[in-house]
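Just below is one structure, and these are the notes that go with it.
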Amino acid sequence: MAFSFTKGYEDYAKFPMHYLRITQSYNSGNHIDHWKETNYKDYPIDIAGMDGGRDYLYAPVDMKITALNGIGNPNISNKIFLESVNPVKTPAFGTTKIFMTAVHFEDSDIAKFGLKVGKIIKAGEKICLEGQETANANHIHFTCGIGSSTKSIQNNRGKWVTKGTCKKPEEIFYIDKNFTMIENNAGLNFKNLPVLKENDKEESNNNKFLNALNKITASAKDIISKKNKS
Ligand SMILES: [Zn+2]
């Protein structure tokens, strides 16, 4: 398995761990109260990496930290909020800004990874590790969505959920088969990255050409209008 994402997919949202091993999907156990018939909902999955140890969470695209909760407080779970720096391609919502959150990393990760609000983590770089802060086993309680999120809110079933336009993980992230091994998808239907056709590359070259042309046209108009005024 490669250590970095496949080249050419920089603007695609990709699942951000080397192993997709879901120990509890949003469809089971106490996660159901996070979304079913609730006023505020998210769709959390617990991801446990390769085994009982601590695997890394990576930035799926360039991500910015927007909030950190619970650090140093043993009664509140450690939670990190990140949003994409740019709009990115998703399986279900086209090109849009995305956010993701991760819970249960250890307090020591703050210093180890230099986590602070405003930090930008480039695609493929490490964010933090799985942990068991306020949990019984190493894992990451993971939520995601479109737009941005900076806080949690308690719903009418008593669950603290991520506030924002939360979506199911398989709607936000593709699987990069060169980066992620699927161990247990808990029945969630993740899509693989699409095969890029030569047409797509040509189209993006055409777009570059058109953008350059538009800029030239705009500055030409600008010069003409200034000339007419003088
Ligand atoms: Zn969980």
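The values are calculated or read from the model by the stated rules, or taken from the named source; none is laboratory data. Since we're looking at a predicted model, the values are computed, not measured. Neighbour counts are summed over all protein chains in view; Cβ atoms, including those assigned to glycine, are modelled from backbone coordinates with ideal geometry.
For the reader, a short list of remarks on this structure follows.
- Given (1) within 14 Å of the ligand (Cβ to nearest atom); (2) more than 12 Å from the chain's Cα centre (by Cα); (3) under 30 Å from P194 (Cα atoms); (4) not hydroxyl-bearing (S, T, Y), index of the condition A102 fails: (2)
- Residues in the stretch 118-144 that are within 11 Å of the ligand (Cβ to nearest atom) and not in a loop (DSSP other than H, G, I, E, B): H139, I140, H141, F142, T143.
- Once the stretch 160-174 is narrowed to residues that are more than 12 Å from the ligand (Cβ to nearest atom) and part of a strand (DSSP E or B), the residue that is farthest from S4 (Cα to Cα) is T165.
- Residues in the stretch 145-159 that are assigned to a strand (DSSP E or B) and touching a residue at least 60 places away in the same chain (Cβ under 8 Å): G145, S152, I153, Q154.
- Of all residues in the stretch 63-86, those satisfying the criterion of being in contact (Cβ under 8 Å) with a residue 60 or more places away in the chain and within 15 Å of the chain's Cα centre (by Cα) are M63, T66, A67, K79, F81, E83, S84, N86.
- Flag if K177 is assigned to a helix (DSSP H, G or I) and out of contact with any helix residue (DSSP H, G or I) (no Cβ under 8 Å at 6 or more places or on another chain): no
Matching residues to (1) outside the structural domain of P91 (by TED's automatic domain parsing); (2) away from the ligand (no atom under 11 Å from the Cβ); (3) under 18 Å from the mean Cα position of the chain (by Cα); (4) not in a loop (DSSP other than H, G, I, E, B):
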| site | (1), (2), (3), (4) |
| --- | --- |
| T23 | no, no, no, yes |
| N27 | no, yes, no, no |
| N30 | no, no, no, yes |
| K36 | no, yes, no, no |
| N39 | no, yes, no, no |
| D51 | no, yes, no, no |
| V61 | no, yes, yes, no |
